[in-house]
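K.L.:
Got a structure here, written out as structure tokens. Questions coming.
The values are calculated or read from the model by the stated rules, or taken from the named source; none is laboratory data. If you're wondering where the values come from, they're calculated on a predicted model, not measured in any experiment. All Cβ positions, glycine included, derive from the backbone under ideal geometry; neighbour counts span all protein chains shown. SASA here: full protein model, heavy atoms, side chains in, ligands and nucleic acids out. Shrake-Rupley method; radii C 1.70, N 1.55, O 1.52, S 1.80 Å.
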Amino acid sequence: MSIFERYEMVCGVETHVELATKTKIFCGCTTEFGGEQNTHVCPVCLGLPGVLPVLNREVVNLAIKAGLALNCEIAEFSKFDRKNYYYPDLPKNYQTSQYDLPICKNGWLLIETEEGPKKIGITRAHMEEDAGKLVHSGETITTSDESYVDYNRTGVPLLEIVSEPDMRSISEVLAYLEQLVQILEYTEASDCRMEQGSVRFDINVSLRPRGSAEFGIRTETKNLNSFSSVRRCLEYELARQAEVLDSGDKVIQETRTWDEGRGMTLSLRSKEEAHDYRYFPEPDLVPLVIEREWVERIRRDLPELPAARRERLQSLGLSAYDAGVITSSKGLADFFDQALRTCPDAKSLANWVMGDFTRLLKAAEISVIHSPIAPEQLAQMVNLIEKGTISGKIGKSVIEEMFASGKDAEVIVKEKGLAQISDESALVKIIDEVIGNNPASVEDYRAGKERAIGFLVGQVMKATKGQANPGLVNKLLKERLT
Amino acid sequence: MKISRKDVEHVALLARLELTEEEIEAYTGQLDSILEYAAMLNRLDTDNVEPTAHAVPLHNVLRTDEVRRSIEREKALQNAPDSEDGFFRVPKIV
């Protein structure tokens with residue numbers, strides 16, 4: 001019996017996303033990923049005595065942008081606070097964050113569920129600095145006698161987006177995360193490179209008996225960096241909590257960590273970890289007053305967001321599913337839109353983009369922005385098919401060749417003589433031969449077996465190495481057989 | 001306001017301070033009298049006073065997003081108690 005017949009899950013997520021600035025939040029050090037350890041540091045981000053942090057304007061711009069895309073209210077007055085705790089990834093022993101006056105609050109986004117669209121509330125989103133990276137000498141932090149610290153990431157700007165505890169199933173959580181990352185990617189507030197850890201999730205989850213109005217006791221699992229880890233973590237953690245509750249015990253409210261290798265969550269409880277952050281206003285930074293004109297300027301520049309884009313694609317005749325696939329990444333959606341400018345047939349273009357084009361990219365492990373086929377080139381190929389110059393089948397080999405060589409479809413078709421035979425007199429000759437060679441199928445067709453014509457069309461296609469225009473072959477065959 | 005011995009031990013733990021018996025004793029009394037002194041502020045009527053976010057009457061001090069050169073790693077590490085291979089090295093964390 002599934003635990004969800006007895007219990008209902010309640011989940012909220014805190015998402016940390018790196019904002020796409022060139023420099024850190026309070027100093028001019030680069031935010032570039034992957035530099036030699038401790039080479040992107042300066043007295044400010046190292047927290048040396050006597051330094052003065054200065055807020056990066058672009059961090060505020062991007063936070064406002066993300067907030068607007070997530071339907072948040074943008075604060076007119078906002079400030080930074082110090083969150084105090086000792087951990088060696090923070091050189092200052094506090095993190096500069098926002099406490100009671102975050103830049104964004106009261107937002108929401110829509111997810112698709114089996115019961116239709118559902119609104120997931122966003123409590124707040126605030127700006128803060130990222131911490132450094134620890135490398136432990138042993139296998140885990142608890143078995144290490146010492147650790148090594150790289151402060152390159154310290155001070156990289158983050159937006160922490162806190163959801164309401166609105167999610168009631170694992171699929172709702174995943175839909176929320178996918179939607180959130182998609183929106184952030186579209187606004188370009190973050191490059192959302194999950195594999196580089198630029199998006200991280202903290203999962204707060206609890207179970208309650210079905211029908212109960214009160215929330216159960218929750219745990220928080222920190223620092224998950226992929227959708228698949230979130231799914232596996234929730235499956236494990238919910239089963240664990242159900243077992244605790246089934247045995248009549250209480251879940252302990254605590255912070256846990258996800259062990260990817262072992263596929264389990266582990267308690268991070270320790271006497272040292274007394275949570276008492278003693279927030280107080282950051283005296284080194286003055287407050288922000290955000291004039292409405294500033295917000296409106298950013299609102300005007302907001303790009304088309306995923307939901308609007310899906311709607312537009314559906315209005316062009318694409319199915320909801322197809323529109324969803326194409327808009328799932330901004331890169332693919334932009335590619336499609338660019339190709340659409342010179343390709344009148346949206347539906348056919350969509351099939352090629354989602355089918356062979358995506359397959360080729362995946363096989364070569366190339367992202368769409370580095371595609372060897374330009375959008376205009378794919379548009380040209382689809383147009384050749386729509387005009388009847390080449391068949392769809394030939395198109396499949398043309399797109400492979402385009403992908404490998406970067407050549408235009410028209411050039412490939414000409415060089416290889418792939419153009420469809422649409423010349424009736426040339427086709428009639430071949431059709432007559434096929435009719436002569438297959439008397440049994442001809443007999444079948446004339447006796448009313450409609451299917452027999454398929455075989456005859458196939459034979460003509462074979463004789464022309466796939467270059468005959470299949471529609472025309474079909475028409476001519478029927479004419480000659482009646 | 002009454003500061004207890006437990007409060008002092010808690011604050012000392014948060015600040016990673018190791019205190020002797022005598023120090024705990026002394027600080028309990030001292031912290032208590034400091035807080036009592038500051039508590040005078042509670043007697044003021046602040047009903048019509050805006051909360052102060054910062055003591056300096058300034059706002060929106062911002063910089064443009066331009067990369068500036070970081071410092072050399074040797075300099076970053078020179079005051080560290082311990083380092084190895086370009087990393088800061090720290091003792092056992094938990």
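K.L.:
Hey, if you put +1 on the Cβ of every Lys and Arg and -1 on every Asp and Glu Cβ in chain A, which of A:Leu90, A:Gly132, A:Leu159 ends up farthest toward the positive end of that dipole?
P.N.:
Going by the charge dipole, the pick is A:Leu159.
K.L.:
Could you pull out the trypsin sites (Lys or Arg not before Pro) across the stretch B:1-43 that fall in loop regions by DSSP (anything but H, G, I, E, B) with no more than 14 other Cβ atoms inside 10 Å? Could the numbers behind the result be given before it?
P.N.:
Details: sites: B:Lys2, B:Arg5, B:Lys6, B:Arg16, B:Arg43; in loops: B:Lys2, B:Arg16.
Hits after loop and neighbour filter: B:Lys2, B:Arg16.
K.L.:
Quick one: angle between helix A:227-246 and the longest Cα principal axis of chain A, in degrees between 0 and 90, rounded to 10, please.
P.N.:
60 degrees
K.L.:
Regarding the stretch A:1-120, what are the three Cα extents along the principal axes, ordered largest first, in Å?
P.N.:
58, 37, 29
K.L.:
Report the percentage of all Cα-Cα pairs in the stretch A:379-482 whose separation exceeds 17 Å, rounded to a whole percent. The partial results should precede the final answer.
P.N.:
Values: 2824 of 5356 pairs.
Value for the stretch A:379-482: 53 percent of Cα pairs lie more than 17 Å apart.
K.L.:
Write down the Kirkwood hydrodynamic radius of chain B, to one decimal in angstroms, obtained as one divided by the mean of 1/r over all alpha carbon pairs. Numbers along the way, then the final one.
P.N.:
Working: mean 1/r = 0.0522 Å⁻¹.
Every distinct Cα pair counted, the radius reaches 19.2 Å.
K.L.:
Something else about it: In degrees, nearest 10, range 0 to 90: what is the angle between the Cα axis of helix B:5-14 and the longest Cα principal axis of chain B?
P.N.:
Rounded to the nearest ten degrees, it is 20.
K.L.:
Can you tell me how the stretch A:140-239 classifies by the Cα gyration tensor, rounded, prolate or oblate, using a/c under 1.5 as the rounded cut? Numbers along the way, then the final one.
P.N.:
Details: a/c = 2.30, a/b = 1.30, b/c = 1.77.
Here the stretch A:140-239 falls in the oblate category.
K.L.:
Another question about this same structure. Holding the Cα-Cα limit at 19 Å, pick out from A:Lys83/B:Lys6; A:Lys222/A:Lys362; A:Lys222/A:Lys250; A:Lys396/A:Lys462; A:Lys24/A:Lys92; A:Lys24/A:Lys133 the pairs that are longer than that.
P.N.:
Values: A:Lys83/B:Lys6 22 Å; A:Lys222/A:Lys362 31 Å; A:Lys222/A:Lys250 21 Å; A:Lys396/A:Lys462 16 Å; A:Lys24/A:Lys92 16 Å; A:Lys24/A:Lys133 15 Å.
Pairs exceeding 19 Å: A:Lys83/B:Lys6; A:Lys222/A:Lys362; A:Lys222/A:Lys250.
K.L.:
Here's another thing I want to ask about it. Of A:Gly121, A:Val368, A:Leu68, which is farthest towards the positive pole of chain A's charge dipole, taken about the Cα centre with +1 and -1 on the beta-carbons of Lys, Arg and Asp, Glu respectively?
P.N.:
Value: A:Val368.
K.L.:
Relative contact order for chain B: what is it in percent, counting Cα pairs under 8 Å that are at least 6 residues apart? Walk me through the intermediate numbers first.
P.N.:
Working: 29 pairs, mean separation 17.3, N = 94.
Dividing the mean separation by the residue count of chain B yields 18 percent.
K.L.:
How would A:Glu365, A:Glu172 line up by accessible area, probe 1.4 Å, largest first?
P.N.:
Numbers: A:Glu365 165, A:Glu172 20 Å².
Largest accessible area first, the residues go A:Glu365, A:Glu172.
K.L.:
Tell me, how many Å apart are the Cα centres for the stretch A:136-187 and for the stretch A:204-278?
P.N.:
Measuring centre to centre over Cα atoms gives 16 Å.
K.L.:
Can you tell me the orientation of helix A:57-69 relative to chain A, as the angle in degrees between its alpha-carbon axis and the longest Cα principal axis, to the nearest 10?
P.N.:
60 degrees
K.L.:
Here is a follow-up. In nm², what is the average projected area of the convex hull enclosing the Cα atoms of the stretch A:188-273? The partial results should precede the final answer.
P.N.:
Values: hull surface 31.4 nm².
Over all viewing directions, the stretch A:188-273 projects a mean Cα-hull area of 7.8 nm².
K.L.:
Then there's this: Relative contact order of chain A, please, whole-number percent, based on alpha carbon pairs below 8 angstrom and at least 6 residues apart.
P.N.:
Answer for chain A is 14 percent.
K.L.:
For the stretch A:62-202, which semi-axes, largest first and in whole Å, follow from the square roots of 5 times the eigenvalues of its Cα gyration tensor? Could you put the intermediate results ahead of the total?
P.N.:
Numbers: eigenvalues 176, 79, 36 Å².
Gyration-tensor ellipsoid for the stretch A:62-202: 30, 20, 13 Å.
K.L.:
When each pair of different Cα atoms in the stretch A:329-437 is counted once in the 1/r mean, what is the Kirkwood radius in angstroms, to one decimal?
P.N.:
Numbers: mean 1/r = 0.0675 Å⁻¹.
After inverting the pairwise mean of 1/r, the radius is 14.8 Å.
K.L.:
The protein assembly as shown: Rg/Rh from Cα coordinates, Kirkwood Rh?
P.N.:
Numbers: Rg = 32.0 Å, Rh = 28.8 Å.
Across the protein assembly as shown, the Cα-based Rg/Rh ratio is 1.11.
K.L.:
Quick check: with the 1.4 Å probe, what order do A:Glu235, A:Glu129 take by accessible area, largest first?
P.N.:
Working: A:Glu235 90, A:Glu129 10 Å².
Reading off the accessible areas and sorting them downward yields A:Glu235, A:Glu129.
K.L.:
Whenever you get a sec, line up A:Arg231, A:Arg309, A:Arg124 from highest to lowest accessible area (probe 1.4 Å, protein heavy atoms).
P.N.:
Working: A:Arg231 90, A:Arg309 15, A:Arg124 55 Å².
Final ranking, largest accessible area leading: A:Arg231, A:Arg124, A:Arg309.
K.L.:
Are there cysteines in the protein assembly as shown with no second cysteine's Cβ under 4.7 Å away, and if so, which?
P.N.:
A:Cys11, A:Cys27, A:Cys29, A:Cys42, A:Cys45, A:Cys192, A:Cys233, A:Cys343 - these cysteines have no disulfide-compatible partner (Cβ-Cβ under 4.7 Å) in the protein assembly as shown.
K.L.:
Moving on to the next point. How well do other chains shield peptide A:55-67, expressed as the mean number of their Cβ atoms within 10 Å of each residue Cβ? Present the calculation step by step, with values, prior to reporting the outcome.
P.N.:
Working: counts 4, 5, 6, 5, 3, 2, 2, 1, 0, 0, 0, 0, 0.
Mean partner-chain Cβ count within 10 Å for A:55-67: 2.
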